[in-house]
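See below for the structure under consideration.
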Amino acid sequence: MASVGTDIALPAAPEPPPVLPGPPVPSEPVTLADSLMVEAGWSPVNFGEAGPNPPYLRIGGKLRVTLADYEPCFSSFHRDRVLFRSKVSMLEHLQKYDQIMVDPIAFEECYGPGEGTEATFPFGSWLSIRKVTFEGLELWGRRCGRVTLPLEPLAVASAVWLRNAPPSLTLQA
């Protein structure tokens, strides 16, 4: 005869849910398009391909649940939900990363040839993301100080890079 407690079958321990990929390793920058595919679950169908530097996305606005706040968002290039487009909050998405770098191609596609110069924006520099507004992203860099990135160049998702800076490179304002 079994002793008390030995004939009770314990339920099998449930398997942990699959781990979603987190932000990239600090030394591995990703494009904005890749980050939206990994973090937000977008697919290549959500991006536009017509143009010299695909993929492209739309910049839009999104009402919060309270219907009182309106915030900038990344919007699917195509209507992928019958009459609507998938939207991802810019603030929530960019909070997963510390820094952003913009390629001059993004400015030249939005504003014309010759606009991708150091006189218009500090290209090729990793800048800390400070604030997201409809006027643009408020950024900070060691060499250039405070700078605002307009939202339009973010639509060229292949020309915008994001990363998490190693702790030794975290910038203070």
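Which of (1) of a type in the set (D, E, K, R); (2) under 21 Å from residue 34 (Cβ atoms); (3) without any contact (Cβ under 8 Å) to a residue 40 or more places away in the chain; (4) buried (at least 17 other Cβ atoms within 10 Å of the Cβ) does residue 108 not meet, given it meets every other one?
Among (1) of a type in the set (D, E, K, R); (2) under 21 Å from residue 34 (Cβ atoms); (3) without any contact (Cβ under 8 Å) to a residue 40 or more places away in the chain; (4) buried (at least 17 other Cβ atoms within 10 Å of the Cβ), the lone unmet condition for residue 108 is (2).
Considering only residues that are closer than 16 Å to residue 124 by Cα and part of a loop (DSSP other than H, G, I, E, B), which ones fall in the stretch 77-113?
98, 103, listed by residue number.
Name every residue in the stretch 114-137 that is part of a strand (DSSP E or B) and either surrounded by fewer than 17 Cβ atoms within 10 Å (Cβ to Cβ) or touching a residue at least 60 places away in the same chain (Cβ under 8 Å) (or both), in order of residue number.
Correct list: 130, 131, 132, 133.
Tell me, please, whether a residue that is within 17 Å of the chain's Cα centre (by Cα), small (Gly, Ala, Ser) and over 20 Å from residue 57 (Cα atoms) can be found in the stretch 126-144.
Looking through the stretch 126-144, at least one residue is within 17 Å of the chain's Cα centre (by Cα), small (Gly, Ala, Ser) and over 20 Å from residue 57 (Cα atoms).
The numbers here are math on the coordinates, done by the rules we state, and not lab data. Just so you know, these numbers come straight off a predicted model, no measurement behind them. Because the Cβ atoms are built from the backbone with ideal geometry, glycine has one as well, and the counts that use them run over all protein chains shown.
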